[in-house]
1. Could you count how many residues in region 139-185 are in contact with a Phe, Trp or Tyr (Cβ under 7 Å, 6 or more places away or on another chain) and of a type in the set (D, E, K, R)?
2. When Ile170 is evaluated against the numbered criteria (1) of a type in the set (Val, Ile, Thr); (2) buried (at least 20 other Cβ atoms within 10 Å of the Cβ); (3) over 14 Å from Ser262 (Cβ atoms); (4) touching a helix residue (DSSP H, G or I) at 6+ places or on another chain (Cβ under 8 Å), which criterion, by number, is the only one it fails?
3. What's the total number of residues in region 116-167 that are in contact with a helix residue (DSSP H, G or I) (Cβ under 8 Å, 6 or more places away or on another chain) and at positive phi?
4. Hey, among the residues in region 100-128 that are touching a Phe, Trp or Tyr at 6+ places or on another chain (Cβ under 8 Å) and among the hydrophobic types (A, V, I, L, M, F, W, C), which one's nearest to Gly263 (Cα to Cα)?
5. For region 82-118, give me each residue that is over 14 Å from the mean Cα position of the chain (by Cα), surrounded by fewer than 19 Cβ atoms within 10 Å (Cβ to Cβ) and not in a helix (DSSP H, G or I).
6. Take Val210 and decide whether it is crowded, with 17+ Cβ neighbours inside 10 Å and in contact (Cβ under 8 Å) with a residue 60 or more places away in the chain.
7. Please find, among Gly252, Gly282, Gly263, the residue that is surrounded by fewer than 20 Cβ atoms within 10 Å (Cβ to Cβ) and either in a strand (DSSP E or B) or not charged (D, E, K, R) (or both).
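The values are calculated or read from the model by the stated rules, or taken from the named source; none is laboratory data. Only a predicted model underlies this, so the values are computations on that prediction, with no experimental measurement involved. Glycine gets a Cβ as well: all are built from the backbone with ideal geometry, and neighbour counts include every protein chain shown.
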Amino acid sequence: MRHARKFICLTISLVALSGLLVPAAGRQARSKGRGKVGKMVKEMLAAREAQTQIQCLTKTYGSFSVEQAYRVQAALAKGLSKKLGGVAGYKVAYASKAAQEQFGVDEPASAPLFRLQRVPSGSKLPASAFIEMTLETEIAFTMCKRIDRTIENVQELKSHVKWVHAAFDIGDHRFASGKENPTPADQIANGVGAHFFVLGPAVAPSEVDVDALTLKLARNGKTITESAATNVMGSPWNSLLWLTNQVVKLGGALEPGDVVVSGTAARAYKVKGEEIKADYEGDCGALGKVTLTIY
């Protein structure tokens, strides 16, 4: 009987100890995870400061999920905002089949845009501001009401939009070329290339049929891409709806004045070196034009 009591007491003690060890292991795992995120963010910020590309994060730190990638992106955004100002809006990446095939992904992605990344139409930027540029003519929206809940449909969404614009999304490819292409998690964690954005004239949503537009990109007067706006998720409005609900899902909100650049309808124009230098024009028909010179 004494042996039985000792065995019961020992069993209870081990169970109690295991209860203490599991949370401790969980804390260690969380601490290790935060440490890895911190290292990723430090590397990405240093690379931007030095204008250099890095190896794929998944190659350096091991694979991680898209959900985890958005958490890394949020940590990166805190660091970027110290130099680039507050969040001014968001971009949608991979919003068309052409872009998804180009970058090897199968669904859209999002990332914040910052106040100092906005460049006026007609501006000039030095080629040294880029490592490997991607440039796209897109449709952008300026919000007029706060959205912090899920929006059910485009009709409901339209009342929250003040302006529609022709726009450039000008990215910078931040990963070194190699045998392996960046995964969606790599791209999302590093902000899907967001670098600059340019807005054309502000047009009231009621004054233009966005879905009827053709989006053109010209380099030194020669058209290099041309595609229907409806290639963007069936409608740029659908892209805006996706982005809105994505921001809410990630715990954020769209604020009045925020800009959403809705994604390219065609393959991104991707170039580096001296070829970056040119006069660029984005023509969105009835929505107007947007221009930029890179010298």
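1. 2
2. Just one mismatch for Ile170, condition (4).
3. 0
4. Ala109
5. Correct list: Gly85, Gly86, Gly104, Asp106, Arg118.
6. Yes, satisfied.
7. Within the list Gly252, Gly282, Gly263, the selection yields Gly252.
To keep it simple, each residue is scored yes or no on (1) touching an Asp or Glu at 6+ places or on another chain (Cβ under 9 Å); (2) modelled with pLDDT under 95.
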site	(1), (2)
Lys32	no, yes
Lys36	no, yes
Met44	no, no
Arg48	yes, no
Thr52	no, no
Leu57	yes, no
Gln68	no, no
